[in-house]
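Report on the structure given below.
The values are calculated or read from the model by the stated rules, or taken from the named source; none is laboratory data. Computed from a predicted structure; not experimentally measured. Glycine also receives a Cβ, built like all others from the backbone with ideal geometry; neighbour counts cover every protein chain displayed. Please note that ligands, DNA and RNA were not included when accessible areas were found on the heavy atoms of the full protein model with its side chains. Shrake-Rupley method; radii C 1.70, N 1.55, O 1.52, S 1.80 Å.
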Amino acid sequence: MNIRAVRVEDLAGMQACNLHNLPENYTMKYYLYHALSWPSLSYVAEDHNGRIVGYILAKMEEVEEQEGQPATDHVPHGHVTSISVMRSYRRLGLAKKLMLQSQEAMNSIYRAAFVSLHVRKSNRAALSLYRDTLGFTVKSIEEKYYADGEDAYAMQLNFQQ
């Protein structure tokens, strides 16, 4: 397995991985926006044949996205938009490696204070990874966050500064 920064030519493979594994799907334009805006935050996992078997799509939150706070209170922070690993490649530590690569870049390049993400309340495997392995905490529950009406945990991991 190889983990590396995303390239534009990886986007179709990332989208295929997403469509195969997750009910939340994105347009190619959305993948391109992330890859071009924050090229150091998104990564892919590829097998020995170069096939994309996992990815993390991440970004830095923009000031206008931090509603309800005075401009002086805005702190730079990252957000994991999507992460997925093909079923036959799970339990190999790929999701953890993808998360750590992206988190390191958020912290070292952008001086992010923390990283946030949303996870389905029913996704026990992801919740275990985020909370038990990576140290995220649940900040709130966002009711009916997903299109199918399921609630999400809004989670956060503070970086050591």
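Taking all protein chains together and a 1.4 Å probe, the residues 99, 86, 1 rank 1, 86, 99 from largest to smallest accessible area.
Sorting 41, 129, 36 by solvent-accessible area of protein heavy atoms yields 36, 129, 41, largest first, with a 1.4 Å probe. Applying D = kT/(6 pi eta Rh) to region 3-62, where Rh is the Kirkwood radius over alpha-carbon pairs, T corresponds to 37 °C and eta to 0.692 mPa s, the Stokes-Einstein value obtained is 284 µm²/s. Averaging Cα coordinates gives a centre for region 30-46 and one for region 69-129; these two points are 13 Å apart. Grab the other residues whose beta carbon is less than 12 angstrom from that of residue 128, score K and R as +1, D and E as -1, and report the net. Residues close to residue 128 contribute a combined charge of +3.
At a 1.4 Å probe, what is the % contribution of carbon and sulfur to the accessible area of the chain?
C and S atoms contribute 51 percent here.
For the chain, the fraction of C-alpha pairs farther apart than 22 angstrom is 41 percent.
The solvent-accessible area of residue 83, taken with every protein chain present and a 1.4 Å probe, is close to 30 Å². Distance between the modelled labels on residue 1 and residue 100, one decimal in nanometres: 1.1 nm (7 Å Cα→Cβ projection).
How much area per residue is accessible in the chain when the probe is 1.4 Å and only protein heavy atoms are counted (Å²)?
Details: 8900 Å² over 161 residues.
With all protein chains present, the chain gives 55 Å² per residue.
Taking all protein chains together, 29, 59 sort by accessible area into 29, 59, largest first [probe 1.4 Å]. Placing a label point 7 Å from the Cα of residue 150 along the Cα-to-Cβ direction, the residues of region 78-120 whose backbone N falls under 12 Å from that point are 119-120. Computed over the chain with a Gaussian network model linking Cα atoms closer than 10 Å, the most mobile of 148, 47, 132 is 148.
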